[in-house]
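Notes for the one structure printed next.
Any read-out appearing in this document is the output of simple, stated calculations on the displayed coordinates, not a laboratory observation. Bear in mind that the values here come from a model prediction, so they are computed numbers and not experimental data. Because the Cβ atoms are built from the backbone with ideal geometry, glycine has one as well, and the counts that use them run over all protein chains shown.
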Amino acid sequence: MRIPETDPDALNPEQREIYDRITAGPRGQVRGPYHAYLLHPGVCEGIERMGHFLRFAATLPGNLRELAILTVGRHWKAEFEWFAHAPIAMREGLSEDIVEAIRAGTPPTFADNDEAAVYGFVRALLEAGHVDDDVYADMKARLGEDGIVELTGIVGHYTGVAMTLNTFEITPPEGERPDFP
C-alpha cells in the first residue's frame, strides 16, 4: 500500500467526522479505498455518501448490484474490490459458479435472465464506453430508466473505487488476493 492505514488519532476534525460516520454506519469500519479518500475530506464526503446510497439505500436487487460491482472490479483487476464484494455477491444470491467465471475472465452461464442482461450491459459500458439501442431498450424494460441510472451509477462509482484502489495499491491481506488471469 502506498499510503498508511488511517490513524484515527491523527485525523483533523473534518476527517474525524467522516471517519466516525463510516465506522458507526453499516460498513462498521474504515478499510479499502477509504484510507485514501480520507486524505481529502471533500472528496471523501461525496464518495462516501454516493457509495452508502448505492450499497445500502438503492433499489436494485442485491444480486444485480453485486454482479455489476464484481464485473467492474474484475475489469479493472481491483483486487480489494473483488475481495470485499465476492462474498457479499454470494450472500446476495449470485451463484458461486458465476462469481468464479467472472474472476477467471470467462463468460458466465446465467440461469437468471436479469443477471445475464445486467452483465451484458455492464460489459458493454466498460468495453465500448456506451450501450447500443437494443441493450438500452432491454434494460429499460427490465429496470426502468431509474434503474438504468442506478446501474450506471454503480458502474461509475465502482470504477472510481477501482482506480483509487489500484492507484494507491490497496490490496487484500496476503492469502486473500484473487488470482486474476
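Structure data summary
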item	result
Whole-Hz couplings from phi, Karplus 6.51/-1.76/1.60, listed for region 13-18; x for Gly and Pro	x, 5, 5, 5, 4, 5
For region 43-56, Karplus couplings with θ = phi - 60° (6.51, -1.76, 1.60), whole Hz, Gly/Pro x	5, 4, 4, x, 5, 4, 5, 5, x, 4, 4, 5, 7, 10
Per-residue ³J(HN,Hα) for region 167-181, Karplus 6.51 cos²θ - 1.76 cosθ + 1.60, θ = phi - 60°, Hz, x for Gly and Pro	5, 8, 6, 8, 10, x, x, 3, x, 10, 6, x, 9, 8, x
MRE, 222 nm, helices only [DSSP H, n ≥ 4, -39500 (n - 2.57), over the chain, to nearest 500]	-21500 deg cm²/dmol
Region 24-63 residues near the modelled ASP146 label - backbone nitrogen below 14 Å, point 7 Å along Cα→Cβ	57-61
By average C-beta atoms within 10 angstrom, highest first, the peptides 172-181, 92-101, 61-70	61-70, 92-101, 172-181
Loop sites in region 70-119: trypsin sites (Lys or Arg not before Pro), DSSP, at most 12 other Cβ within 10 Å	none
